[in-house]
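Values in this text are rule-based calculations from the coordinates and carry no lab data. Small disclaimer: the values here were computed from a predicted structure and weren't measured. Cβ placement follows ideal geometry from the backbone for every residue including glycine, while neighbour counts extend to all protein chains displayed.
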Amino acid sequence: MTAEQAAEKVLGSFDRVTHLEFRGEHTVTVPLENLREVMEYCKGELDLDFLLDVSSVDHMGDDPRFEVVYELAKVDDSVHLRVKAAVSEQQAEAEAVPTVSDLWATANWHEREVYDMMGIRFGNHPDMRRILMWEGYPYHPLRKEFPLAGKPTELPDVASTDAAPMADGPFVATCGADSRIKSEPRSRA
């Protein structure tokens, strides 16, 4: 089966699905309410057993604002299919996007990253918490309204570090040693 055949099978099996081919890459866009069913079909019927990535796009000013993008493939690398679904701001906050972490285990962290960076929550996700920013961080840095230079924020106490000792530490190179062995950074404790 080719990627084009996989896209055509999805197109023939579900209503309101569109298919776009660009430079040999095939993308199907599905309504959000059919996303879970389409993903189950891709995993079970099309045997797309590898979820490469879950990402999102912010189309600020448009409605729906967001798009969730799934990159699916067969392990033998014979098929690569992109699946997209549009998500409004209200749907993003209401956990209207279904998780696929029970279909592909790799989706767990990918979906957490999409939530952390864009604020799109996945319904029935087993661990929907931030993965890069700390809990309580009030922003989603990949949204278009987030300034490129960032926003000043009080860091929590867990983000503080102390300076590491350098002189004669257990893994520090010694300058001016009389032999190469003594100057190498290795444990001397």
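At an R0 of 30 angstrom, the distance between the Cβ atoms of residue 134 and residue 32 translates into a FRET efficiency of 0.55.
The stretch between residue 57 and residue 144, if pulled fully straight at 0.36 nm per residue, gains 30.4 nm over its current Cα-Cα span.
Apply the a/c threshold of 1.5 to the C-alpha gyration tensor of region 76-153 and tell me whether it is rounded, prolate or oblate. Could you put the intermediate results ahead of the total?
Details: a/c = 1.78, a/b = 1.65, b/c = 1.08.
Note, shape of region 76-153 comes out prolate.
Would you tally the net charge around residue 87, using a Cβ to Cβ cut-off of less than 15 Å, leaving residue 87 out, and scoring K and R as +1, D and E as -1? Don't jump to the answer; show the numbers that get you there.
Details: positive: 36, 65, 84, 121, 143, 144; negative: 33, 58, 62, 63, 67, 89, 93, 95, 111.
With Lys, Arg at +1 and Asp, Glu at -1, the neighbours total -3.
The distance linking region 59-97 with region 105-159 is 17 Å (Cα centroid to Cα centroid, whole angstrom). Less than 5 angstrom separates the built amide H of residue 56 from those of 69, all sequence-distant by 5 or more or on a different chain.
Under 5 Å from the amide H of residue 100 lies no amide H of any residue 5 or more positions distant or on a separate chain, with H modelled from the backbone and absent for Pro and chain starts.
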